[in-house]
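Here the structure comes first, spelled out in C-alpha cells, and everything after it is commentary.
No value in this document is a laboratory result; all are computed from the given coordinates. Note that this is a predicted model, so its numbers are computed, not measured. No Cβ is skipped: glycine too gets one built from the backbone with ideal geometry, and neighbour counts run over all protein chains shown.
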Amino acid sequence: MPRYILPIIVISQFFCTSLWFAGNGVINDLAIEFSLQSNALGHLTSAVQLGFIVGTLVFAILSIADRYYPSRVFLFSALLGACFNLGIIVEGNTLLSLLILRFFTGFFLAGIYPVGMKIAADYYEKGLGKALGFLVGALVVGTAFPHLLKEITQAYPWRYVVVATSVMAVIGGLLMVILVPNGPFRKSSQTTDVLAFFMVFKNRKFRSFAYGYFGHMWELYVFWAFVPIIIRKYMSEHPQSLLNVPILSFIIIAIGGLACILSGYLAQKIGNQRTAFLALFLSCGCCLISPWILSTQYEYLFIGFLVFWGIVVVADSPLLSTLVAQNATPEIKGTALTIVNCLGFTISIISIQLVSGMLGWTNSNGIYAVLAIGPIMGLMALRRKINY
C-alpha cells in the first residue's frame, strides 16, 4: 500500500469539510449583509445538519458508498457541495435562501465525511482507530478553518472566506479521485438493500457503540457552534478582556484535531473502548461544571477550560466510529457508518435547537449543563460493553 494514501485522505477530508462551518465563520457579516436576526446562527447550523441527515438517509438507503467507487462519490459530493456553498455570496439572499443553500451543502457533505471514513476503512483493516484519528482530526480542523480564514482575510470582503472554502473542496475532491483508488479491503455490494438501514442495529455490540456515538453527538456540535457566542458573552461581562474571537474559536475547535490523533495512539495501548469512555467521561464533566467556569473572572481559567473542553469533546469520535465500523457487516460497512452518522446528526439538531431556544429566554451559562445528558447516556451504553 502506498504510504501517501492516508495523508491524501486526510488532506482531502480537511479541504472538503471546511464547507461545514463556512457560514458560521462569517455569520456576523451575513447578519449585516442580509439583515438576519440574532438566532440565525442556530438556524443556519441546523440547516447544514438537516441537509447532512437527509443526505445520509439517501446515501444509506441506496447503499451508494458500497455500490459505487467511493472516491468518485467523494468527488461528486465535493463539487456540488462547493457550488451550493458558493451560493452564499449571491446578492439578494434572504434567510430562507441561505437556509436552502446551507441545507444542500450539508446534503453533499454526506458524501464526504462518512464516505471518507469508508475509504479509510477499505485501506486499514488493522490500525483503523489510528487512521480514523487522523481522518476525524482533519474534519475538526476543517470545521474550525473558516474562523481562521475570517481572521486572515479580515482586510478583505467576507465573501473571500466562502470562495476559499469552495475552492478547497474542489481541490480535495480531485485529490481523492486521482490519487486514492479502491482499497484492498473493499467489498462491493451490487444491489440496493433498503432493509440494510434497519438490519445493522440487530447486532448488539454495534448497537451499543452506536448509542455511545449518539451521546457524543448530543454535545459536540452545540459546543462547536456556540464557542464564538460563549467568548463574546464573556467579553461583554468582562470589558477588560480583549479576546480575538475568530482566532480563539479556531484554536478551541481545531485543537480537537490533535486530540483525535493522540486518542488514536492511546487506544493502541489501552483499547478503543476504554479511551473513548475516558474522553466521554471528561467531556461530561466539562458540561456539568461549565456554568461555574464560564462565569469565572479569571480569563486564563476561562480560556484554558474551553481549550480542554475542545480537546475532550471530540477525542472519542474516531474511536466510536472505529468501533461501529469494526462491528458492521463488511458488505454494508459504508452504509452502517452513514446510518450512524445520520442518526447522530439528527440528535445534534435537537440539541442545537434546544440550546438556541434556551438562549432566547435566559442569558445564564447554566444552559450548557444540559449538554451532559448525551455523554451520560453514552457512558451508560459503553460501560455495559467494557470487559475488565
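How big is the equivalent ellipsoid of the range 6-89 along its three axes, where each semi-axis is √(5λ) from the Cα gyration tensor, reported in whole Å from largest to smallest? If you can, show how the numbers build up before the last one.
Working: eigenvalues 157, 48, 21 Å².
Whole-Å semi-axes of the equivalent ellipsoid: 28, 16, 10.
With the radius of gyration and the Kirkwood radius both derived from the Cα set of the range 60-108, what is their ratio Rg to Rh? So for the range 60-108, dividing Rg by the Kirkwood Rh gives 1.11.
Let me make sure I get this right: for the range 294-355, a, b and c are the square roots of the gyration tensor eigenvalues over alpha carbons, sorted descending. Under 1.5 in a/c it's rounded, otherwise prolate if a/b > b/c, else oblate. Which is it? Please report the intermediate quantities before stating the final value.
On the way: a/c = 6.56, a/b = 2.14, b/c = 3.06.
In terms of gyration-tensor shape, oblate.
Model label sites at ILE376 and ILE152, defined 7 Å from Cα along the beta-carbon direction, differ in position by 4.2 nm.
Over the chain, what is the relative contact order in percent, taking alpha-carbon pairs closer than 8 angstrom and at least six residues apart? If you can, show how the numbers build up before the last one.
Details: 704 pairs, mean separation 106.2, N = 388.
Dividing the mean separation by the residue count of the chain yields 27 percent.
Among (i) 20.6, 60; (ii) 19.6, 63; (iii) 25.2, 79, which is the computed Rg and Dmax of the Cα atoms in Å? Working out Rg and Dmax of the Cα atoms in Å from the coordinates points to (ii).
222 nm [θ] for the chain, helices only, -39500 (n - 2.57) per DSSP H run of 4+, per residue, to 500?
On the way: 18 runs with 290 residues, N = 388.
Calculated from helices alone, the mean residue ellipticity at 222 nm is -25000 deg cm²/dmol.
When peptides 46-52, 134-140 are sorted by average Cβ neighbour count within 10 Å, with the highest value leading, the order is 134-140, 46-52.
Site pair LYS269 and GLN297 shows an inter-label distance of 4.0 nm when each label is modelled 7 Å from Cα along Cα→Cβ.
Full extension of the chain between ARG159 and LEU174 yields a length gain of 3.1 nm, computed as 0.36 nm times the residue separation minus the alpha carbon distance. Footprinting exposure proxy ranking of TYR113, TYR4, fewest other C-beta atoms within 10 angstrom first, gives TYR4, TYR113.
What's the magnitude of the charge dipole for the chain around its Cα centre, counting Lys and Arg as +1 and Asp and Glu as -1 at the beta-carbon? Answer in Debye, nearest 20.
Numbers: 23 positive and 13 negative charges, 260 e Å.
Here the chain has a charge dipole of around 1240 debye.
Placing a pseudo-label 7 Å from each Cα along the Cα-to-Cβ vector at ARG204 and LEU242 gives an inter-label distance of 6.2 nm.
Based on the Kirkwood approach, the hydrodynamic radius assigned to the range 242-293 is 12.7 Å, with every pair of different Cα atoms included.
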